[in-house]
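First comes the structure, then the notes that go with it.
Every read-out reported here was derived from the displayed coordinates using simple, explicitly stated rules and does not represent laboratory data. Computed from a predicted structure; not experimentally measured. No Cβ is skipped: glycine too gets one built from the backbone with ideal geometry, and neighbour counts run over all protein chains shown.
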Amino acid sequence: MLRGDLIELRLVREGDLGTFYELTTNLAARGAYFPLGVTSEPRLRARFAESGFWGEDEGMLLITTHGGEIVGEIEFFPITHYLQGYEISYQLFGEEHHGKGYTTESVMLIVDYLFGRKRVHRMQLNIHPDNVASKQVALKCGFTVEGVMRGCWFHRGEYHDLEVWSRLRTDGASTGA
């Protein structure tokens with residue numbers, strides 16, 4: 001478990017699966033920028049049984065309050081097979097959790113963990129150009145915008161650009177401000 005001032009990041013437990021499934025399949029609570037794909041409950045449970053959503057080069061942690069409420073999730077996975085580094089993805093489960101610093105602290109915790117544990121030099125975020133909140137998270141966590149991948153993401157019936165943001169091990173600590 002990774003513990004911050006506001007939240008904890010922890011592995012999914014078998015007892016979380018029902019709640020986690022309901023939260024992740026609530027498309028209305030995902031916001032405008034999180035992918036709309038869903039997984040069936042049997043497939044979700046099978047993936048959990050196989051790996052617990054945690055492996056050598058990818059993982060998913062729940063974002064919980066110190067009181068144990070599940071407020072979101074954060075993942076890391078290889079950027080692509082021919083590049084070195086991890087992409088980080090996150091979502092909060094509902095607008096009532098926005099603006100509280102949960103995502104910023106989650107990103108800082110997972111980046112610090114991965115840089116401390118893995119022989120990895122690069123973390124990457126792919127952010128929709130209109131996603132102001134994620135850009136603020138990226139800046140607070142020490143990420144730098146590198147450029148735009150034009151028309152690379154199909155979402156809600158249209159192709160969208162994505163900005164590529166990165167943080168290298170040599171960039172130093174995040175500001176957290």
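If contacts are Cα pairs under 8 angstrom and at least 6 residues apart, what is the relative contact order of the chain in percent?
Values: 288 pairs, mean separation 32.8, N = 177.
Reported relative contact order: 19 percent.
From the helices alone, meaning DSSP H stretches of at least four residues, give me the mean residue ellipticity at 222 nm for the chain, per-run term -39500 (n - 2.57), in deg cm²/dmol to the nearest 500. Display every interim value, and only then the final one.
Values: 4 runs with 44 residues, N = 177.
Calculated from helices alone, the mean residue ellipticity at 222 nm is -7500 deg cm²/dmol.
Need one word for the range 65-158: rounded, prolate or oblate. Basis is the Cα gyration tensor (sqrt eigenvalues a ≥ b ≥ c); a/c below 1.5 gives rounded, then a/b vs b/c decides. Intermediate results must be reported in sequence, preceding the final value.
Numbers: a/c = 1.73, a/b = 1.12, b/c = 1.54.
Oblate shape, in that a/c is at least 1.5 and b/c is the bigger or equal ratio.
T144: net charge of surrounding residues, Cβ under 10 Å, Lys/Arg +1, Asp/Glu -1, itself excluded? Intermediate values should be presented prior to the final figure.
Working: positive: R167; negative: E146, D171.
That works out to -1.
Name the most mobile residue of P78, P42, P129, meaning the one with the largest mean-square fluctuation, in a Gaussian network model of the chain with Cα contacts below 10 Å.
Between P78, P42, P129, it is P42 that shows the largest mean-square fluctuation.
Taking other Cβ within 10 Å of each residue's Cβ, how do L92, L83, L139 sort, fewest first? Show your work: numbers first, answer last.
Numbers: L92 24, L83 11, L139 16.
Ranking L92, L83, L139 by Cβ neighbours within 10 Å, fewest first, gives L83, L139, L92.
For the pair T144/T19, report the inter-label distance in nm, with labels modelled 7 Å from Cα in the Cβ direction.
Modelled inter-label distance: 4.0 nm.
Excluding residues on the same chain fewer than 8 positions from K140, give the aspartates and glutamates whose Cα lies under 18 Å from its Cα.
Counting by Cα, and skipping residues close in sequence, K140 has these aspartates and glutamates nearby: D5, E87, E105, D112, D130, E163, D171.
What is the extension gain from D171 to D57, computed as 0.36 nm multiplied by their sequence separation minus the C-alpha to C-alpha distance, in nm to one decimal? Present the calculation step by step, with values, prior to reporting the outcome.
On the way: separation 114, 0.36 × 114 = 41.04 nm, distance 2.20 nm.
In short, 38.8 nm is gained.
Sort the range 1-89 into rounded, prolate or oblate with this rule: let a ≥ b ≥ c be the square roots of the eigenvalues of the Cα gyration tensor; rounded if a/c is under 1.5, and if a/c is not under 1.5, prolate when a/b is larger than b/c, oblate otherwise. Working shown, then result.
Values: a/c = 1.30, a/b = 1.13, b/c = 1.15.
Verdict is rounded for the range 1-89.
Quick one: compute a quarter of the convex hull surface over the Cα atoms of the chain and quote it in nm².
Reported value for the Cα convex hull: 10.3 nm².
Summing +1 for each Lys or Arg and -1 for each Asp or Glu, what net charge is found among the other residues whose Cβ lies under 10 Å from the Cβ of S106?
On the way: positive: none; negative: E8, E73, E105.
The answer is -3.
Can you give the FRET efficiency to the nearest 0.05 for V38 and L11, using r as the Cβ-Cβ distance and R₀ = 22 Å? Present the calculation step by step, with values, prior to reporting the outcome.
Details: r = 22 Å, r/R0 = 0.99.
Once the sixth-power term is evaluated, E becomes 0.50.
How many nm separate the modelled label positions at R47 and F154, each set 7 Å beyond the Cα in the direction of the Cβ?
Computed distance between label sites R47 and F154 equals 1.9 nm.
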